[in-house]
1. Answer yes if at least one residue in the stretch 353-368 is touching a residue at least 60 places away in the same chain (Cβ under 8 Å), assigned to a strand (DSSP E or B), crowded, with 19+ Cβ neighbours inside 10 Å and out of contact with any Lys or Arg (no Cβ under 8 Å at 6 or more places or on another chain), and no otherwise.
2. Tell me yes or no: at least one residue of the stretch 394-412 is touching a residue at least 40 places away in the same chain (Cβ under 8 Å), under 30 Å from GLY294 (Cβ atoms) and surrounded by 16 or more Cβ atoms within 10 Å (Cβ to Cβ).
3. Find all pairs meeting these conditions: Cβ atoms under 6 angstrom apart; at least six residues apart or on different chains; first residue within the stretch 65-86 and over 20 Å from LEU120 (Cβ atoms) and in the same structural domain as VAL242 (by TED's automatic domain parsing); second residue aliphatic (A, V, I, L, M) and in a helix (DSSP H, G or I).
4. Just to check your reading of the model, which residue among THR409, THR391 is within 24 Å of TYR209 (Cβ to Cβ) and either in a strand (DSSP E or B) or among the β-branched types (Val, Ile, Thr) (or both)?
5. For the stretch 336-350, does any single residue satisfy the condition of being part of a strand (DSSP E or B), within 23 Å of TRP175 (Cβ to Cβ), among the polar types (S, T, N, Q) and in contact with a strand residue (DSSP E or B) (Cβ under 7 Å, 6 or more places away or on another chain)?
6. Could you give me the residue pairs with C-beta distances under 6 Å whose first residue belongs to the stretch 163-187 and is loosely packed, with under 15 Cβ neighbours inside 10 Å, whose second residue is in a helix (DSSP H, G or I) wherever it lies, and which are 6+ apart or on separate chains?
7. Just to be sure, is TRP135 farther than 20 Å from GLU243 by Cα, buried (at least 17 other Cβ atoms within 10 Å of the Cβ) and either among the hydrophobic types (A, V, I, L, M, F, W, C) or not assigned by TED's automatic domain parsing to the domain that holds PHE25 (or both)?
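The values are calculated or read from the model by the stated rules, or taken from the named source; none is laboratory data. For clarity, every value in this text was computed on a predicted model and none was experimentally measured. Cβ placement follows ideal geometry from the backbone for every residue including glycine, while neighbour counts extend to all protein chains displayed.
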Amino acid sequence: MLLRALLPLAGLFAQMAAAADKKVFAHYIVGLTSGQTRDQWQLDISQAKASGIDGFALNVGAQDSYNSAQLPLAYDVASANGFSVFLSFDMAASSWSADQISSYINQYKGYGSQFKLNGLPVVSTFEGPSQSGIWPGVRSATGGIFFIPDWASLGAQGVGAQSSLIDGAFNWGAWPDANQYTMSTGNDVAYKSVLNGKPYMMGVSPYFYTDLPQYNKNWYSSSDSLWFDRWKQVLDIKPEYVEIITWNDFGESSYINAPVSAQIVSGAQSYVNGFDHTAFRFVLPYFINAYKTGNSNVNPPSQGAVVWYRTTPASVCSNGGTVWGQGGSASAASGTKDVVNIIALTNSATNINIKIGSGDAGQSVSATSTVGKASFYQVPINGRTGAVTVTVNGKSTTGPSISNSCPSTGHVNFNSVSFQV
C-alpha cells in the first residue's frame, strides 16, 4: 500500500523537477537603451516577471559605449527581482574579439542574476558562425561557459556540424518563410535531432514588420495566427528553453509591450506609435505554465482574450515596397488577410462575439483551432470600419478603429494593434 501511495508522488515530483528545469526568456535589445534609467529596467523586468518570463537574453553590440552603464543596471535590477539574464553577443551588427567577449563574461558572471547551467554562465549570440573558432579561447579565458549560440544562418545541419563547439543551440527562426502564410515545426524537429540531447532553445515571436530603408529592411512575415501557432508548436516540440523574440525590438514590430519612445529607432515611429502590443502578454502565464508542466489543460490564471489586427486593409493603398517575408519578392499584401485575430483563454469551449463599427449587430464566432484551454478565432473584416468590440463570456472590450483611409505615410502599415478582453 505504501509503495502504491508513493508512486503517484514520485511522478508528481518528477514533473515538478522537469518544470523547474524549463525556462522562458525574452530577447532584449540593449542597443536601444542609451541613457535608460534604472526605473525603466525595473518596469521592464517587473512586467516580464509578472507575465511568467524567467529572464532576458541581453543582446549587446560591440560598438555601444553605453553598455558599461546599462549592463550593470540590468544585472543589478534583475538580481534584486529574482530575475535571470544572460549575454547574447550581436555578431551580425558588430565585430567582437575573443578578448572583448571574455572581458564581458568575466565582468558579469558573478552577479546573482546571471543565468547558469551546470554552474557555468550561459552565453548566446545573434549569428557569428564565421567566428566560431574564437570560442575555445573564450572558454579558457573565462573558466568555462555554457554556450547556446544562434547560428541559424547555417541551418540545422550546419549547426549540428559545429556540435563540438557548442553546448546547445538557439533557433532564431520564429516566423514563416517568404511566401509562407504559416510555419511548420520541421526546422525545430531538425534542430532537436542534430543536437542529440543537447538543450534546444526555441524561438517564439508574435509578429514581424520592418520598414527601415537605412538598413535595407522592408518586409512583413505572415503573423495573422503566428502567436497562437508558435505556442501550440512549443507544446508539441517540448524544447528545453524558449526565447521570445522580442521584448523591445520596436523597429521590427516583434515587441510584446507598449512602445517606449526613447527605444524606437529613427524611422519606425510611423508604424510603432499607437500600436501597443502589451496584450500579447495576456496569454503568456497560461502558455508558459502549460509548457513547463507538459499539460495544456492547466487552468488559465484568468479568462479572457488577446485581440490583434491591422487598422487598414492590406490593399487600401501602396504597400510601400514591403515584400512578403525576408528575401521575398511578392507584395506583403499577399501575405496577410484582412482579419481580426483572437486567442481566448477559457476553462471550457465557448463562442465569442465580435462587432466592427457602430452599425454592426455583432456575430457569434466559433474557434478555428484549440489546444488545451486556448482557442484561436479569425474573423474577416469584410470591408467594415470602426472600433472593434470583442466579448468573451460576457466580458467586452473595445479596441482601436479600422479605417479604409490610407495612412498619412502614403502606404500601408503592416504592424498590428492589440488589446485585451
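1. The answer is no, given that none of the residues of the stretch 353-368 is touching a residue at least 60 places away in the same chain (Cβ under 8 Å), assigned to a strand (DSSP E or B), crowded, with 19+ Cβ neighbours inside 10 Å and out of contact with any Lys or Arg (no Cβ under 8 Å at 6 or more places or on another chain).
2. no
3. GLN70/VAL30; VAL77/ILE45; ASN81/ILE45
4. Working: THR391 fails: within 24 Å of TYR209 (Cβ to Cβ).
THR409 is the lone residue from the list that is within 24 Å of TYR209 (Cβ to Cβ) and either in a strand (DSSP E or B) or among the β-branched types (Val, Ile, Thr) (or both).
5. Yes, some residue in the stretch 336-350 is part of a strand (DSSP E or B), within 23 Å of TRP175 (Cβ to Cβ), among the polar types (S, T, N, Q) and in contact with a strand residue (DSSP E or B) (Cβ under 7 Å, 6 or more places away or on another chain).
6. Every condition considered, the pairs that remain are THR182/ASP229.
7. Spelling it out, TRP135 is indeed farther than 20 Å from GLU243 by Cα, buried (at least 17 other Cβ atoms within 10 Å of the Cβ) and either among the hydrophobic types (A, V, I, L, M, F, W, C) or not assigned by TED's automatic domain parsing to the domain that holds PHE25 (or both).
Each row is one residue, and each column tells you yes or no for (1) among the small types (Gly, Ala, Ser); (2) more than 15 Å from LYS395 (Cβ to Cβ).
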{"residue": "LYS337", "(1), (2)": "no, yes"}
{"residue": "ASN341", "(1), (2)": "no, yes"}
{"residue": "LEU345", "(1), (2)": "no, no"}
{"residue": "ILE356", "(1), (2)": "no, yes"}
{"residue": "GLY359", "(1), (2)": "yes, yes"}
{"residue": "ALA367", "(1), (2)": "yes, yes"}
{"residue": "THR370", "(1), (2)": "no, yes"}
{"residue": "LYS373", "(1), (2)": "no, yes"}
